[in-house]
Every structure is written in C-alpha cells, then in structure tokens.
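The structure appears below as structure tokens.
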Amino acid sequence: MILVKGGTIIDGSGGAEYRANLVIKGNHIAAIGELTEKNLNCDQIIDASGCLVLPGFIDIHNTSDHHLTLFADSDQSDALSQGITTIIGGHCGASLAPLLYGSLESVRKYADIDAVNVDWHSVSEFFTLLAKQKLGVNFGMLVGHSTIRRALIGDVTRDLTVGELQVFAKILEDAMRDGALGLSTGLSYAHANQTPYGEIKNLVAKIAIAKGIYATHLRDEKENIVSATAEAIRIAEETGVEVIISHLKPLETGLSEYSKALEAILKSSAAEKIHFTSYPYDTSMHPIYTLLPIWARKGNLEAMLNILKNQHHRERIIRELENRNIGNLNIMIMNSPVYSHLAGKTLATIAENHGISLEEGLLEIMILTRLRALISVKDINLDWMLQGFRLKNNLIASVAPSFPKNYSGIKHPRSQNTFPKFLALAQGTKMLTRAEAVKKITGDAAKKLGLKKRGLIKENWFADIAVMRGEKISDVLVNGSPAVLNGAPTAIKNGAIIRQEI
C-alpha cells in the first residue's frame, strides 16, 4: 500500500478543496480521510505536505502516436513530467490502426515511418502489442479517417463508391468493437479536404450508435472557420454524436471569425455535445506543407513537390505567400526526419544566409526536406485563447508528443508544460477557480471520453494521481504505481490500454 499524506485534494469534480490523506492499494484508491501510517501497514509514503493532490491529467489530444514516440519513448516521460497519466491519440485523421496493408503513410509527415517494424493490422492487434511493450501512461485512441481512406483508394481525391463506403463502415465498426474510442478527421489536410459531408455523416452515424466520439480538425481554421465550425455543429445536431473540435484557435488574422465560431457552438441545439480543445501558447506546430495555398495541397507529398518545381506554380505560390506576410509568423523548423540538422533554424535566418526572400526560402526548405518537416508558427492571439478557456465547452490538450531523451529536434513547450501552465494561468488571471481548472483537465475530459472510474479522486477509482508543489509536478502515480517521485522518473511503466466499452 501507498500513503499520500498531508496534501490538499482537488478531486476533479469541481467541488471545494479539502485536506485528507489517500491510501492506494493495488491500482485503486482504497481510502480517503484522516489516515495515518500508524494505523496502516504501508509499503511507501509520499509526503504531500504543502502540495496539491490532483487526479492525473487527461491529455485528450496527444500526438505521441503520430510521432511514433509510443515506441521510441514508451515511458512517455515528457507527459508524466507535467502530470499527464492518460493520453488519447489517433487525432486529425491519422491513427496507427487499423492498417489494412501495414502502411504508416498517414503519419510520415511527422516521423520516419521506416523506424518502426509494423507487425499489426487491427486495433486489437495494436493494443495487444502496446500492452506487451508496456507504456508509462494510459493510452486510448481514435480511428483516423484518412488512414482508412488512403488504404482503400490511395492518394487520389475522389468520392468513395457505395461499395467502398460500406467497406469503410465495416472496418470502423470492427475497430470500435476492438476498443477504439471513436473517429477523427483531418479535413484541412490534402487527402481529406475534398471529402463530402455525406461521407462523414454516414461514418459518424456508426460512431454515434456505438456511443463513441467524433474529433475533427476543421476543414479551414482561417478565413472560413465559421463555415467549417458550422459543419462540425451540423454533424452533432444530425447524428447526436459527441464532437470535439480539435485545436480551435484565435488566429491573429481572424479574431472576429473565431469569436463567431465560438458563438455558433454556444447557440447550437447540440451545444452540450460539442467541445473544442486549446492550449495556453501562442505558437502552432504544423507540417510545413500546410503553409502552401489550398490549391497547391493536392495529392501526396510527391504530387505537391511537383507543383513546387513547376515554375509557373512556384511564382503563383510566392505571390500568395507575399500577400500573407509570412515574416510576421516567426517560422522555425522544429524537426525534419530528412535533415535533422535544420532543427532550431528560423526561416528568416535561412533566407538571409542564402540571400533570398522569405518566400523563396520557404519553398527551398520545402523542397530540401521533401515536405517532411515540422514547423512552429507564431499565429495565435493568446489573450483571446485565454478567454476561450472560460467556456464549459473548452477542454485543454497538449496537441504534442512526448519525446525520447535523445531527440534531435526542438521540443515545443507544450510537450512538457501545457497543463501546469494552464493551471498557473487560470489562477493568475482568475478566469477560473482552481477547482474549475482542475475539473477541465480531469473530470470533464474523462466524462467526454466516457472513461470509467478515471478523472476523479474517489474511493475505488483508479489511482491516477498527480502531486503538484507550487507550479511543478513532484510526484505521479499511474494505476497506483509511482511513475515520478520527487520530480524524478522511476521508469515504472504501469499504463493501461483504454478501450471503448460498447
């Protein structure tokens, strides 16, 4: 047994804080109250005096699967260091299962897919592999729409036939039966941007029946964010599915449109079923090709490269980039599986060193990396983002991976500090009470996902616990096992596979 003593508990329900001790037996919370080591036969005592004792944070949109660091960093140490005990992958239309032909094409823009030996196809097989490997955190996943669609028809952008849609629906039903939590789409990406609404509704209806969730990277996060948000709202209204709008953010170029999108969510007849995720930072992370105009984002990476190498198209792209004033975006290369030495270099520096314009420099980087680079872009108004945190429809997510210790790229701070920073901002700005802020990243997230006995500090619930001293995480327990003690990882991997219970 483990005793966590002397701490102030914020239980994740939104209720008042209280002082109490916790007794953890096995993977559950056995007792809460005025318990002392004198009356208990505890194997370990964690002194939480002066600390907050919180439910482990639930990262409802994590990308460790996209970056393949579920394998390269199975401890998930970056996640644990910020108090995360559960991560949810498979977002933005890309997942690591089901794989019809064993291909990881849908994540090659993020990672070197040749680094992983794929020996699974179904969601069940993938979960079995992860359970044998063991993870430091709990892991659940959505099924990626583009992952299945590309396996069915390749890189062409056309409507599915009736037969293909039936096959897709069967694959989706099998995945849900295997424990997937729902479906995700990445509608702004090249392979999904032209997907018709009817196809999405047809598939989401299957998810709604299975009581899963639908997460969507909107078709347009910029000029047409209002109409793109309306599409997600319509899905919720017409199917009854629980919807998550991924990383909805107030871009500096469209603050009024962002406000209109939020207003549309709040006024929807399905408002209680619609949530959106955000994070407390003013920079986004994107695959580099997303800076291309929409008309140039067609087909696979090779097709887009051919467009870049065509002089007529190249000149048109440069003109459109000039109109966007990309110099204001502070673009920096975070990582490239092709040229890792580019990590940390800014577009401005590269362009200056080569004596070319920013626009020409960007295209040269795209060609050099073969469009396989991750960039950071300063394009978010943080003050407006903070206002969104006040809404009950908002959930917090890192939208970032945990990286291995030998990672050669640049880590976005979201990988290591999203949740502590959110709590500090909530308290500093008084936009939320401490209990409300904790509830958003624990109890509310668990409820949205339909997780059983997680997200709260409650007797007989799973012992996913984060102990916070000041603004830093000092201790973390995952299913009752100490994964972090006194700020140091223990390398104990006790994460569970989170499965949808149909």
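Considering only segment 373-392, how many residues are open to solvent by 10 Å² or more (accessible area, probe 1.4 Å), in contact with a Leu (Cβ under 7 Å, 6 or more places away or on another chain) and not hydrophobic (A, V, I, L, M, F, W, C)?
Adding up the residues that qualify gives 4.
Do we have residue 260 as buried (at least 19 other Cβ atoms within 10 Å of the Cβ) and under 30 Å from residue 425 (Cα atoms) here?
The answer is no for residue 260.
In segment 99-114, how many residues are under 22 Å from the mean Cα position of the chain (by Cα) and either among the aliphatic types (A, V, I, L, M) or surrounded by fewer than 18 Cβ atoms within 10 Å (Cβ to Cβ) (or both)?
7
I need the full set of residues from segment 38-64 which are of a type outside the set (Val, Ile, Thr), open to solvent by 10 Å² or more (accessible area, probe 1.4 Å) and in contact with a strand residue (DSSP E or B) (Cβ under 9 Å, 6 or more places away or on another chain), in order please.
40, 42, 43, 44, 47, 49, 50, 52
Need pairs with beta-carbon distance below 9 Å; first residue farther than 13 Å from residue 363 by Cβ and within segment 314-331, second modelled with pLDDT of 90 or more and of a type in the set (Lys, Arg); sequence gap 6+ or separate chains.
328/378; 329/378; 330/378
Under 7 Å between Cβ atoms, at least 6 apart or on separate chains: pull out the pairs that start in segment 74-92 with a residue that is among the charged types (D, E, K, R) and end on any residue that is assigned to a loop (DSSP other than H, G, I, E, B).
75/136; 75/491; 75/493; 78/402; 78/403
What's the number of the condition residue 102 fails, among (1) at pLDDT below 95; (2) at negative phi; (3) among the small types (Gly, Ala, Ser)?
(2)
So which pairs qualify, if the first residue must be in segment 95-117 and over 14 Å from residue 144 (Cβ atoms), the second must be open to solvent by 20 Å² or more (accessible area, probe 1.4 Å), the Cβ gap must be under 7 Å, and the two must be at least 6 apart or on different chains?
Here the result reads 101/151; 102/118; 102/121; 111/67; 111/337; 112/337; 116/71, each pair linking segment 95-117 to a residue that is open to solvent by 20 Å² or more (accessible area, probe 1.4 Å).
Across segment 189-232, what is the number of residues that are closer than 18 Å to residue 89 by Cα and among the polar types (S, T, N, Q)?
Counting residues in segment 189-232 that are closer than 18 Å to residue 89 by Cα and among the polar types (S, T, N, Q) gives 1.
Quickly run through segment 393-442 and pick out the residues that are closer than 25 Å to residue 259 by Cβ, of a type outside the set (Val, Ile, Thr), in contact (Cβ under 8 Å) with a residue 60 or more places away in the chain and open to solvent by less than 10 Å² (accessible area, probe 1.4 Å).
394, 395, 397, 398, 414, 422
Condition check ((1) among the aliphatic types (A, V, I, L, M); (2) more than 30 Å from residue 462 (Cβ to Cβ); (3) open to solvent by less than 30 Å² (accessible area, probe 1.4 Å)) across all residues:
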site: 129; (1), (2), (3): yes, no, no
site: 142; (1), (2), (3): yes, no, yes
site: 164; (1), (2), (3): no, yes, no
site: 167; (1), (2), (3): yes, yes, no
site: 172; (1), (2), (3): yes, no, yes
site: 199; (1), (2), (3): no, yes, yes
site: 207; (1), (2), (3): yes, no, yes
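For segment 1-19, which positions are more than 11 Å from residue 457 (Cα to Cα) and either assigned to a loop (DSSP other than H, G, I, E, B) or among the aromatic types (Phe, Trp, Tyr) (or both)?
Scanning segment 1-19 gives 1, 6, 7, 14, 15, 16, 17, 18.
When the residues of segment 477-492 are narrowed to those that are in contact with a strand residue (DSSP E or B) (Cβ under 8 Å, 6 or more places away or on another chain) and farther than 17 Å from residue 30 by Cα, which ends up most open to solvent (accessible area, probe 1.4 Å)?
Among those residues, the one meeting the criterion is 486.
Give segment 342-369 a look and list any residue that's surrounded by fewer than 19 Cβ atoms within 10 Å (Cβ to Cβ) and either farther than 21 Å from residue 400 by Cα or within 21 Å of the chain's Cα centre (by Cα) (or both), or say none.
Answer for segment 342-369, where residues must be surrounded by fewer than 19 Cβ atoms within 10 Å (Cβ to Cβ) and either farther than 21 Å from residue 400 by Cα or within 21 Å of the chain's Cα centre (by Cα) (or both): 348, 349, 352, 353, 354, 355, 356, 357, 360, 364, 367, 368.
Pairs under 8 Å by beta carbon, first residue farther than 29 Å from residue 280 by Cβ and of a type in the set (Lys, Arg) in segment 358-386, partner assigned to a loop (DSSP other than H, G, I, E, B) and open to solvent by 10 Å² or more (accessible area, probe 1.4 Å), six or more apart or different chains?
370/338
Which count do you get for residues in segment 44-78 that are under 16 Å from the mean Cα position of the chain (by Cα), charged (D, E, K, R) and assigned to a strand (DSSP E or B)?
Going through segment 44-78 one residue at a time, the tally reaches 1.
When the residues of segment 3-27 are narrowed to those that are under 20 Å from residue 445 (Cα atoms) and of a type outside the set (A, V, I, L, M), which ends up most open to solvent (accessible area, probe 1.4 Å)?
17
Across segment 231-243, what is the number of residues that are hydrophobic (A, V, I, L, M, F, W, C) and surrounded by fewer than 16 Cβ atoms within 10 Å (Cβ to Cβ)?
Of the residues in that region, 0 qualify.
The values are calculated or read from the model by the stated rules, or taken from the named source; none is laboratory data. Keep in mind it's a predicted model, so treat the numbers as computed, not measured. Glycine also receives a Cβ, built like all others from the backbone with ideal geometry; neighbour counts cover every protein chain displayed. What goes into the accessible areas is simple: the full protein's heavy atoms, side chains included, and nothing from ligands, DNA or RNA. Shrake-Rupley method; radii C 1.70, N 1.55, O 1.52, S 1.80 Å.
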